[in-house]
Amino acid sequence: LYKESAGLLVNEDATLLQLHNTYIIAPTKNGCIILNQQLAHERVLYEKYQKASIQPHATQKSLFPVVLELSPSDAVLLEEIIEDLAIIGYEIEAFGQNSFIIQGIPADIISGNEKNAIELLLEQFKHFSGDIKYSKREKLIRCMSRQMAIKAGQSLSQKEMHAIIQSLSECDIPNTTASGAPTYIEFKEDYLDGLFSN
């Protein structure tokens, strides 16, 4: 059994159901839970990147470093967050005016789309930049966890679904994303029984 955490008590051998390639339905001891796969994975990644601030994340070196050409404003923004990106596993160096070279990426990210990932990260970061209640690193962690999470519409194997539930059960706050959206909803057996009573 996975660790019991706010209802996340799912048997490791249970057969899980993926609904619309977006939700995971899992039986529990007292009913069932319905997880949003993207939001659940966001929470897992958010806590992982938060902990990287204490112990920097591993980097995998790129066999073929990627050159990134940016607009002047995006180049300034990347310079501002380059040290924080290094903590979560990116190795990026300046490479001339408004150009950078991506030498390495976080060890758990599949290589091959580094340029697009950084450009998208910068775009998401800009949307957060007006929110003064978050630190620069907090904004970056939120952007990274949102960008790297498994998306709605992605088909998952039993192994992948169990991995999400297990990782979520190990989170400090498993039931919501950083922005407060629920990662899963629990339905107790007595509630389900009540739905079918006359």
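The values are calculated or read from the model by the stated rules, or taken from the named source; none is laboratory data. Predicted model, so just to flag it, every value in this text is computed and none were measured. All Cβ positions, glycine included, derive from the backbone under ideal geometry; neighbour counts span all protein chains shown. Accessible surface is based on the protein model in full, side chains and every heavy atom, while ligands, DNA and RNA are left aside. Shrake-Rupley method; radii C 1.70, N 1.55, O 1.52, S 1.80 Å.
Against the compact-protein benchmark of 2.2 N^0.38 Å, the Cα-based radius of gyration of segment 89-198 scales to 1.47. With a threshold of 19 Å on the Cα-Cα distance, the over-threshold entries among LYS48/LYS188; LYS48/LYS139; LYS29/LYS188; LYS51/LYS136; LYS126/LYS151 are LYS48/LYS188; LYS126/LYS151.
Rolling a 1.4 Å probe over the protein heavy atoms gives the chain an accessible area of 55 Å² per residue. Spin-label pair ILE34-GLU160: with each label point 7 Å from Cα along the Cα-Cβ axis, the two points sit 2.1 nm from one another.
Under the simplified labelling scheme, the GLN60-PHE196 pair shows an inter-label distance of 4.6 nm, with each label point 7 Å from Cα along Cα→Cβ. Kirkwood hydrodynamic radius computed over the chain comes to 18.4 Å, based on all pairs of distinct alpha carbons. Restricting the calculation to Cα atoms, segment 98-163 shows an Rg/Rh of 1.03 when the hydrodynamic-style radius is the Kirkwood one. What a 1.4 Å probe finds exposed on the chain is 53% carbon and sulfur by accessible area, rounded to a whole percent. If R0 is 41 Å, the Cβ-Cβ spacing of GLU12 and GLU80 corresponds to a FRET efficiency of close to 0.40. A cut-off of 5 Å between modelled amide H atoms, ignoring neighbours fewer than 5 places along the same chain, links THR59 with ALA107. In the chain, Cα pairs under 8 Å separated by at least six residues give a relative contact order of 33 percent.
Taking the Cα atoms of segment 139-198, the ratio Rg/Rh between the radius of gyration and the Kirkwood radius comes to 1.08.
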